[in-house]
Amino acid sequence: MSEQEIKVPDLGGADEVEVIEITVSKGDSVAEEDPILTVESDKASVELPSPSAGKITKITVKVGDKVKEGDVVGMMEVESGAQTGDESGGSDESQNDADEKPEKPEPEKAEASESKSDDAESKPKKASSGGGARKEKVQVPDMGGSEDVPIIEINVKEGDEVAEDDPLVTVESDKATMEIPSPFAGKIGKILVSEGDKISQGDDLLEMQVTGGESGEDVSDTDEKPEAPASQESSTSAPKQEKQPAKEERQAAPEPELPPAGTKVHAGPAVRKLARELGADLTRIKGSGPKSRIVKDDIHAYVKQQLHRTQEAGAGGGAVTGGSGIPGIKLPDFSQFGDIQRESMSRMQVATANNMARSWLNVPHVTQFDDADITEMENFRKAQKAAGEKRGSKLTPLPFLLKACARALAELPQFNVALDMEKKEIVHKNYIHIGVAVDTPAGLMVPVIRNVDQKGLWELADEAMELAGKARDKKLKPNEMQGACFSITSLGGIGGTAFTPIVNAPEIAILGVSKAAMKPVWDGKEFQPRLILPLSLSYDHRAVNGADAARFTALLSELLGDIRHLLL
Ligand code: CAO
């Protein structure tokens, strides 16, 4: 076994190309010529083949990286006797001319479409109809020397308007896929090939009515059917025509028929590009092309189907939940089981339901449970009763919880962030604002106490009481419910031993507090009656790992167990 670099071969003149797909991972065994990755210039996508058979040991690029000829994109282990086929030596490649470039064949093929816009040579050739005719016959251009290359997709149909360089057909040799671009802007006439046909340079592809053609004469060179290309559809391009109904059927089908797991996706670069643009997962799409190849129509049909299903799930049909492609819950006619009344949901109930569903569906939740011994804290709190009455304040456990959470957020700042998944960034917050869930007759509201770390217990008690009062009286202003970094939901005044609160996204965590109860706690010699407060910390596992969550609750437990720590 020896290790070999996998290098970018000659890209047919293209300077830098972007890696758009990595088709192997470390440990994969590949055959010689198996695609390692797909690169794309602004004109063509090309698969870079493995130089040898062997095992991938490293891939050193990632999707989005720009690479150029000679760049090392990975390493592989090959049989020691095996021909390395690297860029410096004459590879054992069988086909293709022995030119100055003893290289991989497909980048050269890529050139056929790569340089199409500026190199008339590489464009599909027109068989001029003479006399500056507007009707043109498009012929297969030079495909980097390849002959008899099968057409895997016809990208246009009769009557289509195309711009210059729009793809007409996609062909695929055993090593590369490329599109043959239109040499003109115009209207597609008769298509002279079918999917599966093998074509070589100079073969006739299709006829076109060239818009703004050089001279305006309508001279037909192949004039079996002089005009009205759209109406000729039925007589040509049979395979494509046959496919249409099948695609429509699939669109209307209630359940998409999926390829079995692990099935290799067969799709050309244009199709892959379209899928990327539309966010369609190719592994979820069943191809209708030859050998189940995915064609553009399959992607459009899939996307339409997904939209339809989402709308259906989210709105119609009595569904109560939906979105995210999740099927809604169909409601039965409840009146068949007994008397019922219906009442409209308030805007707040709808907003709460939507927010809960959004958070639940978007955030991978984990809940960490812990206890805090609040015996001493409660002794202290109760001792403040008279002082509280004097100043018109009520000191409940909540201000202590706020203070302890503020300290934990400061000490474990990974909890005081937001994830911006669109930009792939973590937003660190240098302030500590905490939301407090308040149960009101109108529903759940979460006013926010700002700068909790800078406030004392009395101040927090007063502010919590004031905001809870405003919430119950529906007097909260929008800005009093915004900006929280973290939330506390306390059901301790009601009961319960533990629960799994839903993170108020885009916050990262929420502390659920259940009812404190006297429990026997072993002090090393005997059981002592201690007041134990149950804590339930739900967190976004994308941002926080389990060990940090356990640290967070352990710290809360320590701070609440001896509130003198809050002063440190
Ligand atoms: N264990 C035992 N007793 C507790 C306690 C706990 N964890 N937390 C509070 N208590 C006690 C208080 O000390 C108070 O008792 P006293 O009157 O004898 O002192 C009593 O319970 C009621 O407290 P409170 O609810 O008025 O005040 P609070 O500061 O604890 O809570 C607030 C304020 C706004 C959080 C609370 O009123 C509330 O609305 N909780 C519900 C929140 C909610 O619905 N969350 C669910 C969200 S998800 O659906």
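The values are calculated or read from the model by the stated rules, or taken from the named source; none is laboratory data. Since we're looking at a predicted model, the values are computed, not measured. Using ideal geometry, Cβ is built from the backbone for each residue, glycine included, and neighbour counts are taken over all protein chains shown.
Worth a mention:
- Flag if Thr497 is β-branched (Val, Ile, Thr), within 16 Å of the ligand (Cβ to nearest atom) and in a helix (DSSP H, G or I): no
- Taking the numbered list (1) in a loop (DSSP other than H, G, I, E, B); (2) surrounded by fewer than 18 Cβ atoms within 10 Å (Cβ to Cβ) in turn, Glu3 passes all entries but (1).
- Extreme residue, nearest to the ligand (Cβ to nearest atom), among residues of region 531-547 that are over 15 Å from Met377 (Cβ atoms) and among the hydrophobic types (A, V, I, L, M, F, W, C): Leu537
- The requirement of being away from the ligand (no atom under 13 Å from the Cβ), surrounded by 14 or more Cβ atoms within 10 Å (Cβ to Cβ), farther than 22 Å from Ser514 by Cα and not aromatic (Phe, Trp, Tyr) is satisfied by Ala357.
- The single condition from (1) more than 11 Å from the ligand (Cβ to nearest atom); (2) not in a loop (DSSP other than H, G, I, E, B) that Gly512 fails is (1).
- Given (1) assigned to a strand (DSSP E or B); (2) within 14 Å of the ligand (Cβ to nearest atom); (3) closer than 29 Å to Ala353 by Cα, index of the condition Ala484 fails: (1)
- Residues satisfying the stated conditions in region 11-34, i.e. farther than 16 Å from Asp65 by Cβ and in contact with a Pro (Cβ under 6 Å, 6 or more places away or on another chain): Gly12, Glu33
- The C-beta contact set for region 268-288 (first residue at negative phi and assigned to a helix (DSSP H, G or I), second residue loosely packed, with under 15 Cβ neighbours inside 10 Å and among the hydroxyl-bearing types (Ser, Thr, Tyr), distance under 8 angstrom, 6+ apart or interchain) comprises Thr283/Thr263.
- Here Ala406 meets the list (1) in contact (Cβ under 8 Å) with a residue 60 or more places away in the chain; (2) more than 20 Å from Lys515 (Cα to Cα) almost entirely, failing just condition (1).
- Residue in region 205-222 that is hydroxyl-bearing (Ser, Thr, Tyr), within 25 Å of Asp10 (Cα to Cα) and modelled with pLDDT of 75 or more present: no
- Failed item in (1) surrounded by fewer than 15 Cβ atoms within 10 Å (Cβ to Cβ); (2) of a type outside the set (S, T, N, Q); (3) within 10 Å of the ligand (Cβ to nearest atom), with Ile502 passing the rest: (1)
- Among the residues of region 429-466, those identified as buried (at least 19 other Cβ atoms within 10 Å of the Cβ), under 39 Å from the mean Cα position of the chain (by Cα) and of a type in the set (A, V, I, L, M) are Ile432, Ile434, Val436, Ala437, Val438, Met445, Val446, Val448, Ile449, Val452.
- Considering residues of region 515-530 that are within 11 Å of the ligand (Cβ to nearest atom) and small (Gly, Ala, Ser) only, the residue surrounded by the most Cβ atoms within 10 Å (Cβ to Cβ): Ala516
- Neighbours by Cβ (under 9 Å, 6+ apart or cross-chain): first from region 20-37, of a type in the set (Lys, Arg); second surrounded by 18 or more Cβ atoms within 10 Å (Cβ to Cβ): Lys26/Ile56; Lys26/Ile59; Lys26/Gly74
- Among the residues of region 443-456, those identified as outside any strand (DSSP E or B) and away from the ligand (no atom under 12 Å from the Cβ) are Arg450, Asn451, Val452, Asp453, Gln454, Lys455, Gly456.
- If you go through region 446-476 and keep only what is at pLDDT 95 or above and more than 23 Å from Gly388 (Cβ to Cβ), you end up with Val446, Val448.
Results for (1) assigned by TED's automatic domain parsing to the domain that holds Lys515; (2) within 13 Å of the ligand (Cβ to nearest atom); (3) not in a loop (DSSP other than H, G, I, E, B), shown as yes or no for each residue.
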position	(1), (2), (3)
Arg381	yes, yes, yes
Lys394	yes, yes, no
Pro399	yes, yes, yes
Ala404	yes, yes, yes
Ala408	yes, no, yes
Leu419	yes, no, yes
Lys423	yes, no, no
Gly435	yes, yes, yes
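- Tabulated pairs, region 460-489, first small (Gly, Ala, Ser), second in a helix (DSSP H, G or I) and within 9 Å of the ligand (Cβ to nearest atom), C-beta under 6 angstrom, 6+ apart or interchain: Ala461/Pro399; Ala464/Leu398
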